[in-house]
1. Name the residues in the range 125-165 that are more than 11 Å from the ligand (Cβ to nearest atom), among the aromatic types (F, W, Y) and buried (at least 16 other Cβ atoms within 10 Å of the Cβ), would you?
2. Can you confirm whether the range 213-222 contains a residue that is closer than 20 Å to L19 by Cβ and more than 16 Å from the ligand (Cβ to nearest atom)?
3. Only residues in the range 14-30 that are closer than 19 Å to P231 by Cα count as the first member; pair them with residues that are open to solvent by 60 Å² or more (accessible area, probe 1.4 Å) and within 16 Å of the ligand (Cβ to nearest atom), Cβ under 9 angstrom, at least 6 apart or cross-chain, and list the lot.
4. Looking only at residues in the range 2-43 that are assigned to a helix (DSSP H, G or I) and within 13 Å of the ligand (Cβ to nearest atom), which one is farthest from L68 (Cα to Cα)?
5. Please return the ranges of strands (runs of 3 or more DSSP E) entirely within the range 54-124 where 1 or more residues are away from the ligand (no atom under 16 Å from the Cβ) and crowded, with 21+ Cβ neighbours inside 10 Å.
Amino acid sequence: MGTTSIGIFDSGYGGLTILNKIRTLLPQYDYIYLGDNARTPYGARSYEIVYQYTLQCVKALFQMNCRLIILACNTASAKALRTIQQRDLPKIDSTLRVLGVIRPTVEAVGQITVNKHVGLLATSGTVQSESYPAEIYKLFPDIIISSEACPMWVPMIENNEFDNEGADYFIKKNVKNLLLKDSKIDTIILGCTHYPLILKKIEKVAGKGVHVFSQGEVVTQSLADYLKRHPEIEEKCTKGGSCLYLSTESSEKFRSSASIFLNENIDAQHLEIS
Ligand code: DGL
């Protein structure tokens, strides 16, 4: 019998920060991680392209027998999730599920902020989509949210150039810009799954009074809750504890860069997407 894995998708390596947490809390399931590294970053791409690329990857994961997929990418969650859920899934198979990372993040942050002044650091695409302000407004209309796009951060991280002075310059610039937009911010959302790698640097610039929030744990918790609330989906997920890593880039390139995110050596396979 084949495995029915939970699919975890990101434009690149960032989703590995989410996968890490998910596998720690829910080690029993089988997973397939797919990074669209050949076409990353998605951050500055149009709606149409992000949607098209994300849908191709989601379909590839469905073909590998995933029945539940997490878009562990804010840009894809912001620009493609709703259309995939509303337009594509009913046509492909209405029993399949695709979930994103924005909603659980907003639910958590609404409970964390004390003074209701929240900041968002994310890709240009996520900021332009206004998905975070829209979601915040729905759930917590009294929260004031300010956003700052950080277009240099994903390329810096994907290329392993985040631990040097050049990176420090951009981190400082964007975090300071955000705090200039609203000096009362007490909670900053890291609205990109790549950013936990530079969490410490962001915290240092933001200062002691600001809670810098990364999504890994809440996304994991919300997946756990989802599986509890949907036994019909949970029982279809096979429990062999495996993880298959796929990349649209070469497997060698993925393997060497992924180790920065995972602190372990992994065996990745190349996947051709069309
Ligand atoms: N990890 C993606 C996110 O959470 C990065 C987007 C990109 O490829 O620019 O938004």
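The values are calculated or read from the model by the stated rules, or taken from the named source; none is laboratory data. In this text, all values refer to a predicted model and were calculated from it rather than measured experimentally. Neighbour counts run over all protein chains shown; Cβ positions are idealised from the backbone, glycine included. Please note that ligands, DNA and RNA were not included when accessible areas were found on the heavy atoms of the full protein model with its side chains. Shrake-Rupley method; radii C 1.70, N 1.55, O 1.52, S 1.80 Å.
1. Y132, F140, F162
2. Step one: of the range 213-222, the residues closer than 20 Å to L19 by Cβ are 213-222.
Still in the running and more than 16 Å from the ligand (Cβ to nearest atom): 221.
Taking every residue of the range 213-222 in turn, at least one turns out to be closer than 20 Å to L19 by Cβ and more than 16 Å from the ligand (Cβ to nearest atom).
3. L25/E217
4. In the first step, residues of the range 2-43 are kept if they are assigned to a helix (DSSP H, G or I); the result is 15-25.
Retained after the next criterion (residues that are within 13 Å of the ligand (Cβ to nearest atom)): 15-19.
Values: G15: 15, L16: 17, T17: 19, I18: 15, L19: 14 Å.
Only one residue tops the list, namely T17.
5. Details: elements: 68-71, 97-99, 117-122.
So the answer is 68-71, 117-122.
Residue-wise test of (1) under 17 Å from the mean Cα position of the chain (by Cα); (2) of a type in the set (D, E, K, R); (3) in a loop (DSSP other than H, G, I, E, B).
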{"site": "V219", "(1), (2), (3)": "yes, no, no"}
{"site": "A224", "(1), (2), (3)": "yes, no, no"}
{"site": "K228", "(1), (2), (3)": "no, yes, no"}
{"site": "I233", "(1), (2), (3)": "no, no, no"}
{"site": "T238", "(1), (2), (3)": "no, no, yes"}
{"site": "L244", "(1), (2), (3)": "no, no, no"}
{"site": "K253", "(1), (2), (3)": "no, yes, no"}
{"site": "S259", "(1), (2), (3)": "no, no, no"}
{"site": "I273", "(1), (2), (3)": "no, no, yes"}
